[in-house]
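S.K.: Quick one: this structure, given as structure tokens, is what I'll be asking you about.
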Amino acid sequence: MATKTIPPTPRVEILANSGLSSIPAEFVRADSERVDIVDALNNGTSGHGIPIVDLGALSSEEGLRRCVEEVRAAAEEWGVMLLVNHGVPEELIERLKASGKGFFDLPVEAKEKYANDQSSGQIQGYGSKLANNANGKLEWQDYFFHLVYPPEKADLAIWPTEPADYIATTATFAEELRILATKMFFLLSLGLGLDENKLEAELGGKDDLLLQLKINYYPRCPQPELALGVEAHTDVSSLSFILHDGVPGLQVFKNGFGWVTAPLVPNSIIVHVGDSLEIITNGKYHSVLHRGLVNKENIRISWAVFCEPPREKVVLRPLPELVGEGEVARFEPRTFAEHLERKLFKARVAGSEGKPVCVD
Ligand SMILES: O=C(O)CCC(=O)C(=O)O
Ligand SMILES: [Fe+2]
């Protein structure tokens, strides 16, 4: 377990519970960003249009064909979709949510025992966002971040021991999510006319593709129209899977529509295409820009599972078979570690211009 460290910024939970009526300046977004930020519970924008894909019929030939087509269209046109009948047992998801909530229900002092220490490279654990953008803005959230798969790479010593079932439940969930990730890579590969195993193999395959879990905890915010729970960003992952506690907040950006709020669909899992998949498909699949709104009334918790390629082992580059005649490769080859570096650099340099380039 990480030793207790003094957090670089106060936990947002403490700020939120201090009874303040206006939020500190570092949480107030730039004017240009604020034009369309609203209280997530008082939000007129509709989630209409974000594709919902039913994976229930995969075993029939006709069902498989339909899923391949729907997943391909969603990944190309939106970069985001909601999955239903995804195969992850509902009761396991309920236990996962209860144990994550149980951890965040602990007093802050108890959670601090798991604090990460970003300055020394210990990024796993309990934390709050550091200002790594040139604009210096902070997000209205605390989080718990840790690698959950493969089991032999997971450092159980930093996983919460409270609630008592956190470790067993989260490890079982990670196994199930890994199966769903394979299913998605399979469908996404077929959608581009590739061998069914191609995309997963290119992103690290069975042994090296990693699952990182980030539990986002968004406290109530007295001025939700000034703040963001998570600022506009694309994920660096290949795919990200998002679950939440039923409180709205997630928005995705769609050209021609603007910010679209993710609808609340029972027992669904949201899937984002991330940068790594966008790069190797030469932009055929779209890494979706998204952000999180906050609200005055309800705490919101979300569980984001990032499927990441290994940092150094594979080179992310447009697959030659996806660069058609007359097309150019739209991305330079890079390892995942290099991609992270580039994005951080851009965020530091360009973040002051309000460009959505932050890393998550
Ligand atoms: O809270 C959410 O729904 C999304 C969180 C997110 O985008 C992230 O953790 O990268
Ligand atoms: Fe994200």
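S.K.: If you check every pair at least six apart or on different chains, which have Cβ atoms under 8 Å apart with a residue in segment 226-243 that is more than 10 Å from ligand 1 (Cβ to nearest atom) first and a residue that is among the small types (G, A, S) and part of a strand (DSSP E or B) second?
M.R.: These pairs meet every condition: L228/G292; F241/A304.
S.K.: Quick test for you: out of E109, E94, pick the one residue that is part of a helix (DSSP H, G or I) and farther than 29 Å from I50 by Cβ.
M.R.: Values: E94 fails: farther than 29 Å from I50 by Cβ.
Every option except E109 fails the conditions.
S.K.: Considering segment 268-286 alone, what residues qualify as being open to solvent by 10 Å² or more (accessible area, probe 1.4 Å) and more than 15 Å from E202 (Cα to Cα)?
M.R.: S268, G283, K284, H286
S.K.: So which residues in segment 24-34 are closer than 13 Å to L293 by Cα and either open to solvent by 80 Å² or more (accessible area, probe 1.4 Å) or among the aromatic types (F, W, Y) (or both), if there are any at all?
M.R.: Once the filter is applied, which keeps residues that are closer than 13 Å to L293 by Cα and either open to solvent by 80 Å² or more (accessible area, probe 1.4 Å) or among the aromatic types (F, W, Y) (or both), segment 24-34 yields only F27.
S.K.: Next question, about the same structure. Checking the conditions here, which among K129, K198 is over 20 Å from the mean Cα position of the chain (by Cα), of a type in the set (K, R) and open to solvent by less than 60 Å² (accessible area, probe 1.4 Å)? Steps first, answer last, please.
M.R.: Values: K129 fails: over 20 Å from the mean Cα position of the chain (by Cα).
Unique residue meeting the criteria: K198.
S.K.: Here is a follow-up. Which residues, counting only those in segment 183-195, are open to solvent by 40 Å² or more (accessible area, probe 1.4 Å) and either in a loop (DSSP other than H, G, I, E, B) or within 15 Å of I269 (Cα to Cα) (or both)?
M.R.: K183, G193, D195
S.K.: Sort out which residues of segment 49-71 are within 20 Å of the chain's Cα centre (by Cα) and either in a helix (DSSP H, G or I) or within 18 Å of L192 (Cβ to Cβ) (or both), and write them in order of number.
M.R.: Once the filter is applied, which keeps residues that are within 20 Å of the chain's Cα centre (by Cα) and either in a helix (DSSP H, G or I) or within 18 Å of L192 (Cβ to Cβ) (or both), segment 49-71 yields P51, V53, V71.
S.K.: Let me ask another. If you take the residues in segment 203-240 that are in a loop (DSSP other than H, G, I, E, B) and among the β-branched types (V, I, T), which one is nearest to ligand 2 (Cβ to nearest atom)? Give the steps one after another, and end with the answer.
M.R.: To start, the set of residues in segment 203-240 that are in a loop (DSSP other than H, G, I, E, B) comprises 203-204, 209, 219-229, 234-238.
Subsequent filtering for residues that are among the β-branched types (V, I, T) retains 234, 236.
Details: T234: 8, V236: 9 Å.
Per the stated criteria, the residue is T234.
The values are calculated or read from the model by the stated rules, or taken from the named source; none is laboratory data. What you see is a predicted model; the values in this text were computed from it and never measured. FYI the Cβ positions are ideal-geometry reconstructions off the backbone, even for glycines, and counts take in every protein chain you see. Just the protein is used for accessible areas: all its heavy atoms, side chains included, with ligands, DNA and RNA removed. Shrake-Rupley method; radii C 1.70, N 1.55, O 1.52, S 1.80 Å.
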